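Down below is the structure, laid out as structure tokens.
The values are calculated or read from the model by the stated rules, or taken from the named source; none is laboratory data. Computed from a predicted structure; not experimentally measured. So basically every Cβ, Gly included, is an ideal-geometry build from the backbone, and we count neighbours across all protein chains shown. Quick note on the areas: whole protein, heavy atoms, side chains included, nothing else; ligands and nucleic acids left out. Shrake-Rupley method; radii C 1.70, N 1.55, O 1.52, S 1.80 Å.
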Amino acid sequence: MASSSSTTVTDLISTVHHDIIESHILTRLDGATLASVSCASSYLHHLASNEILWSKICRSTWPSCSDGSRSFFSDAYSMVETAGSVSDLDRAFPELISAVDLHYKGKLIFSRVVKTETTTAWFKSSPLRIDLVDTKDTVATPIKRRRRTEDTCRDLEKDLTLSWIVIDPIGKRAANLSSHRPVSVQRNWISGEVEAQFATVVETVECVITVVTCGEEEMHVREVSLKVEKMEGTHLNGRDSLVILRSVMEGKRVNGRRREVESKRRHEEFMEKKREVKEKKMRVESVFDILTVAFGILGFVSFVVLCLWRTSI
């Protein structure tokens, strides 16, 4: 019965002229819906495989991307479930492309594409940090700072969205490292700036994107940066970060619809494990300090006893 119903629907769709479906129906769909529609029948799959259509969807979803394809949408929309293994570590990877779009209440406020050279000794040995805003510049936004910091943080957590797509131009793979909405928003009590963090956890490391906003009334974006952080609190250098990023691009993917919820859950688990690692380290250091003091006292007492013994002879 279900098969018969499905066949009837397919037959009805096939009676509609393909120009009407392509020009007036498929062009109104977002990427995720279009991908679902393409699975309904071989006829719709053929119509939905138009690369021009997918290029337009990629540009509308991520304005920083000047071009796109169905495979690119699949890479950028999905989220990593488990990291993949990188077998060809020696493959050339001359540059890493970052395509970043920042929205507030659905309005684009920042869009940039940055190419990072990855072959220099400085990049490979230094902690990875990709900055999109010059230290002397700020980007004006329509964001209004509320009187209470808590309200400002709540607004940003609800209305600020970000996409950071890293692209391997040689391997022709991509991945979105952002959680879409912030996993945390808090005020820096020293500078007074508000920091929003977006993140993707990959096994024992976290790709952290920080957006720093400043201003008393109308807020400006002062920083948009990417770092890769280990659970111990240290940052990975460029060479090791590239391995992580490639493992994300080549890893197992899942539907990106639950990106916000799943990313926040993984971030909270990561932070909890990070606290446990830090507490364990502090306990070990505390025991080491106690033993050091104890041996010092023992050595001092032994020295005093030896002196007294020699004096009494």
Quick check: at a probe of 1.4 Å, how many percent of the accessible area of region 144-286 sits on carbon and sulfur atoms? 47
Please name which of 132, 119, 174 has its Cα lying farthest along the dipole of region 112-218 towards the positive end, using unit charges on Cβ (Lys, Arg +1; Asp, Glu -1) and the Cα centre as origin. 174
Everything considered on the Cα gyration tensor (a ≥ b ≥ c; rounded for a/c under 1.5, else prolate if a/b is larger than b/c, else oblate), region 157-212 must be described as prolate
Which chymotrypsin sites (Phe, Trp or Tyr not before Pro) does region 106-212 hold that lie in a coil by DSSP with at most 13 other beta carbons within 10 Å? 189
What relative contact order, as a whole-number percentage, does region 130-219 give when Cα pairs under 8 Å and 6 or more residues apart are counted? 27
Run the simple label-point estimate for residue 51 and residue 289 please: 7 Å along Cα→C-beta, distance reported in nm. 6.2
Around residue 36 (Cβ within 12 Å, Cβ-to-Cβ, excluding residue 36; K/R +1, D/E -1) the net charge comes to 0
Using only alpha carbon pairs under 8 Å that are at least six residues apart, calculate the relative contact order of region 36-144 and give it in whole percent. 17
Straight-line reach only, C-alpha to C-alpha below 29 angstrom: list the lysines that residue 158 could link to, leaving out same-chain residues fewer than 8 apart. 56, 105, 107, 136, 144, 227, 230, 252, 264, 273, 274
Report the local net charge at residue 110: Lys and Arg +1, Asp and Glu -1, summed over other residues whose C-beta lies under 12 Å from its C-beta. 0
Accessible surface, region 78-274, averaged per residue in Å² (probe 1.4 Å): 51
Charge dipole of the chain about the Cα centre (unit charges at C-beta), most positive-ward option of 184, 295, 212: 295
Backbone N under 17 Å from the residue 122 label point (7 Å along Cα→Cβ), restricted to region 228-253: 237-239
Report the charge-dipole magnitude of region 14-73 in Debye, nearest 20, computed about the Cα centre from +1 at each Lys and Arg Cβ and -1 at each Asp and Glu Cβ. 100
What whole number of Å gives the distance from the Cα centroid of region 267-309 to the Cα centroid of region 117-143? 39
GNM flexibility winner over the chain from 71, 42, 163 (Cα, springs under 10 Å): 42
Could you give the size of the charge dipole of region 92-172 about its Cα centre, using +1 on the Cβ of each K and R and -1 on the Cβ of each D and E, expressed in debye and rounded to the nearest 20? 380
Defining a contact as two alpha carbons under 8 Å apart and six or more residues distant in sequence, what relative contact order in percent does the chain show? 17
Just grab the label-to-label distance for residue 278 and residue 240, each label 7 Å out from Cα along the Cβ direction, in nm (one decimal). 1.9
Value at 222 nm in deg cm²/dmol, rounded to 500, when DSSP H runs of n ≥ 4 in the chain each add -39,500 (n - 2.57): -13000 deg cm²/dmol
Positive minus negative residues near residue 134 (Lys, Arg vs Asp, Glu; Cβ under 15 Å): +1
Under the 7 Å Cα-to-Cβ spin-label approximation, residue 28 and residue 311 lie apart by a distance in nanometres of 10.1
For region 189-253 and region 155-172, compute the distance between their C-alpha centroids and round to whole Å. 11
